[in-house]
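Nothing in this text is a laboratory measurement; each read-out follows from the coordinates by a stated rule. Given the structure is predicted, the values throughout are model-derived calculations rather than measurements. Reconstructed Cβ throughout: ideal geometry from the backbone, glycine too, with neighbour counts over all protein chains shown.
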Amino acid sequence: MFWSGATGGALLLAALLAGDGPAATSGTDDRRPPAGTVAETAPRFVETAWPFAMDQWGLGRAFRCSAADCGSEITIFVRPKIGFCNCTTGVADDEEMDRVGDVDLLAPRFAPAEAGRGVAVGEMPGWMRAYALAGRSDPAGTVLAVAFSAQC
C-alpha cells in the first residue's frame, strides 16, 4: 500500500498481494511455526528500506511480511502526499486514483484489475483500486492502491 492524500492524507500501495490470510480453524494455524520459536514471537510486518528513488513526494516507509507469516509475501509502501487532491471530494474516482496511485513505481506498465470503490480509513474518506502489473499473471503481479485524505 502506498500512502498519499491531501493535507494530512496518504496513499497506501500493497504490493505482492496474494493468497488468503492465515487460516483460523479452532484457533490454530498450521502455517505458523511451533510455539516458542523465534518466528512465533517476531512481528509479522518488518520495516524495510524505501526501495524507490526520491521524488517530489519524498521518501516513504516500507513494510514486508514473509510468506511464512502471512501465507504469501506482502509488501506495504506508505507515504504522505500533501496537497495533491481535490479538497472537495478527495480521491473519489478511478481516474484520480490512476493518476495519483503510484503504481508506476512498481511497474512501468499496469492495468486496472477491477473498478475501484470508496473506502474510509478511520474518519478519512478515500478510494481503492486493484491493478495488474504488465507481464505478470501470478498473484505477486497484483497491487492494491488506497488513497485517502484529511484536514483539507
For Thr48, the residues 5 or more places away or on another chain with a placed amide H closer than 5 Å to its own amide H are Ala62, Phe63, Arg64
Could you order peptides 124-132, 49-57, 97-105 by the average number of other Cβ atoms within 10 Å of their residues, highest first? 124-132, 97-105, 49-57
Express in nm, to one decimal, how much length is gained between Ala113 and Thr89 on full extension, taking 0.36 nm for each residue of separation and deducting their alpha carbon distance. 6.3 nm
Figure the gain on full extension for Ala134 and Asp55 (residue separation times 0.36 nm, minus the Cα-Cα span) and round it to one decimal in nm. 26.1 nm
